[in-house]
Every structure is written in C-alpha cells, then in structure tokens.
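To start, the structure under review is shown below, and the notes come after it.
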Amino acid sequence: MPSHSPASAVLRLHFATEPPGQIWLWQGWKDTTGITHGIFPKDDEPLPKGLSREDIPILRSFFAKYISLPNETERLRFALGLRGSDSHPGRPIWKTFIGKRAHSWNIHEQVIAELKVHNVHPTNVIRRTHAGKTAYSSEFNPNKDWPVSTTYLAMIVDQVGRSVMGDEAFGPEDIGLLPHNLRIAFQLYMHRSWDSVRRQVNYARKNIEGIRVNAKEVWQSLTNKKEKQPKVFIKSALNHVAKYLNIATAMGHQEAIDEAEKMQAELQAMIEDLGRSAQEKKSKTAKQGESSKASTKSTGAAEATPSEEEVDDMLNLYHDLFEAIPVDSDQRPVAEPIPASQAVMNSHLGGGGDFGVDMESTMTPTQLAAELGFDDRTHLPTDFIPLRH
C-alpha cells in the first residue's frame, strides 16, 4: 500500500471519529493546526485561511466520495489521486490547503522526540537488532532491512496523540488509550516521520561523495579568495564541512573524518586570525579618527577584514555546527537541506511522482526540510548516530 500524504492522512483522521469531523472541535487539535472553526464552518463563521466559500461544497463532495468507497485501500488511492482512481476537483483544493499548513504543525518533531525518549528511534532499533551496525553501514540496506514501524509507533501513539489532539481525543472515560479507529489513523500519520528518517539515511548514503566534493570546492574557494569577503566564504565553508563531517562520522568513514577534521581545524584558525585582524582594525580606526575611518573603508584590504561583530557571527556558527551539541547526542546539524529535486522528483512513474510523495514534489526546500525532520532552526539535515571521539 502506498504511503499517506499529509492531506490523505488528515482526511482519514477526519473520518476516524464518531461522528466524523469531531477532531476539528477539539481544542488541542485547534491549537496544533490553527484551524479554529473547522473545515466546514457555518455561514457566519470565518473560513480557514486558504479556503473560499466556493471551495466548501466542492470539498464536501470530495469527502463524500472518499467515504463512499468500499475499503481503506481504495480510499487512499482516491485521496492520493493514483492511477485508476477517479478525478475530483476537491482533491487539489484539499491537497494544497493541508500541504501549506502541515509542516508548521510540528507533529513530526514530536514523533521523533518521543521515539528518542523511548529509545526506539529507527536508528537505535537498527543498532540493537543488527549486531551493532548503524543505518549508515555499508552492510546495511535501508530499503530492505528498515525496521517495521508498527510495533514502535504503538509505544508512543498515545503520548503524541494527547500532545497533538488534546485530552478530548481520549473520550470522557480517558483510560489513557486513543479510541481504536483514531489510534490507527493517527499512527498512519506518524508513520510519515518513521519513513522520513529512512529517506534521510538513504540520501546521506547515496550522496556522501557529492557532499565531500562540495565541501572541498567551497573550502578551496576560501583558500584561493580569502582576500575577498572572507566572511561569505567562511560561513559557506563551515556549513559544507560540518555536513561532510557529520555524515562521514555517522558512516564511520575514517578517511573522510580525518579530511573533514583537517578542514575544520584550518577554518577555526582562519576565524581566529580574522578576529585578531578585526581587533587591530578597530584599534587603528579609533586612533585615526573619523577621517581615517572613511579612507579605510575605501580600501580593498579593509573591506576584506570583517568587523568584530561579523567574526562573532562566524564563531557562533562554528560553535553551533561543531561544538554546541554533545558527542553522544543524536541531533548534530548537517548543513544543507536535501534538494527537493533529488528527494522526490526522481520518479519512475512516468513523471507522476513516487507513491505517497506527490505532496513533497510540490514543496519548497524549506517545507521539504521540515517534512523530512531536519533541524527546526536551520532547516538542515541531521544525522542520528555520531560516533566521533
């Protein structure tokens, strides 16, 4: 069965309550989604942003068609618009409406956090069940050997469900377990997070050589052009080298680790040199006064010397990328979002997109990064098994 998109997963959640659509009345779900009057508000209530009054009857028809289908497999195919399913004008409206919102709900981040708390993040499961191998080991095949999500997501579905949907989702008795149909539907939504980790691992494994080349090119550009706007090249080099080091570390590639650490050390030395130059420039400018300051700004050498504030920015970025996160953490940042064109557009379905990722093919790189679980501050990939030191 194909994977759910955000739109198809929310559609199933809508019909997982009795009566259908109760989820939109729950305060917890309102807080998560920002949709305060439901998707079919009364005439005197405000519409959710992104929908018009003309859209409402079309969506009602789309929902009715969905629930009229005989089983969940057919409903999913219809919701995704897979080959052989009926077309419907409500599908693109719903897809766009949910697609523009879902990444901001932070459900993925909560799923990943709970998986880590319970020590059942897929990369942890792999280490335990494959004799110490990591998800990045050459002997491990993510597409063949990736752990099944059902058992592990069932361990956290109630905790995440309460956080995302609120206490009302558990009914008046609230025994701590989501009702059966809602539990299944929400676990299917959570599966997107589980699978996003697999896609991220595959990306890192397939692209380490390209990541290495990019890091070397930017680093060499800095070496060759350090007299021209070094702050630009240093920040770019820091990001690329951090990405290379993190992936090399996760894969246990010692030669690559050594190469990346050498680049890191030289970048640190360059920043320290720039710091000294910035202090000298500031001291010299103060002595010369305003007239000298103006002439200093006109020279190429002075333009090439960052200010103390700019050097501080470089040091902060260096700290964030290389030092801020403990060695045993599983959230070291990697420096660039996965290109959307590489992540979802390598289709073997005649240009129609892979099953279950048609939504991702329409996202911006930032939205895609959020869906893939990349760092919520930088929108950059993270690796989960740092082995360095």
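The values are calculated or read from the model by the stated rules, or taken from the named source; none is laboratory data. Small disclaimer: the values here were computed from a predicted structure and weren't measured. A quick note on method: Cβ atoms are made from the backbone with ideal geometry, for glycine too, and the neighbour counts reach across all protein chains shown. SASA here: full protein model, heavy atoms, side chains in, ligands and nucleic acids out. Shrake-Rupley method; radii C 1.70, N 1.55, O 1.52, S 1.80 Å.
Here are the numbers:
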read-out	value
Condition met for residue 290 (open to solvent by 80 Å² or more (accessible area, probe 1.4 Å), farther than 30 Å from residue 243 by Cα and either modelled with pLDDT under 85 or in a helix (DSSP H, G or I) (or both))	yes
The stretch 154-194, residues that are assigned to a loop (DSSP other than H, G, I, E, B) and within 13 Å of residue 29 (Cβ to Cβ)	166, 178
Verdict on residue 70 being at negative phi and either open to solvent by less than 50 Å² (accessible area, probe 1.4 Å) or in contact (Cβ under 8 Å) with a residue 24 or more places away in the chain (or both)	no
Residue among 202, 224, 239, 214 that is closer than 26 Å to residue 306 by Cβ, within 20 Å of the chain's Cα centre (by Cα) and either at pLDDT 85 or above or open to solvent by 60 Å² or more (accessible area, probe 1.4 Å) (or both)	239
Which numbered condition residue 60 fails, given (1) of a type in the set (D, E, K, R); (2) assigned to a helix (DSSP H, G or I); (3) within 22 Å of residue 187 (Cβ to Cβ)	(3)
Whichever residue in the stretch 143-196 is of a type in the set (Phe, Trp, Tyr) and in contact with a Leu (Cβ under 8 Å, 6 or more places away or on another chain) and, among such residues, is nearest to residue 6 (Cα to Cα)	189
Count - residues of the stretch 142-157 that are over 18 Å from residue 199 (Cα atoms) and either in contact with a strand residue (DSSP E or B) (Cβ under 9 Å, 6 or more places away or on another chain) or surrounded by fewer than 18 Cβ atoms within 10 Å (Cβ to Cβ) (or both)	3
Residue satisfying all of: in the stretch 21-52; part of a loop (DSSP other than H, G, I, E, B) and open to solvent by 70 Å² or more (accessible area, probe 1.4 Å); farthest from residue 94 (Cα to Cα) among these	44
Residues that are open to solvent by 70 Å² or more (accessible area, probe 1.4 Å) and either of a type in the set (Ser, Thr, Tyr) or at pLDDT 95 or above (or both), drawn from the stretch 78-91	87, 89
Any hit, the stretch 5-12, residues being polar (S, T, N, Q) and open to solvent by less than 10 Å² (accessible area, probe 1.4 Å)	yes
In the stretch 125-139, the residues that are in contact with an Asp or Glu (Cβ under 8 Å, 6 or more places away or on another chain) and assigned to a helix (DSSP H, G or I)	126
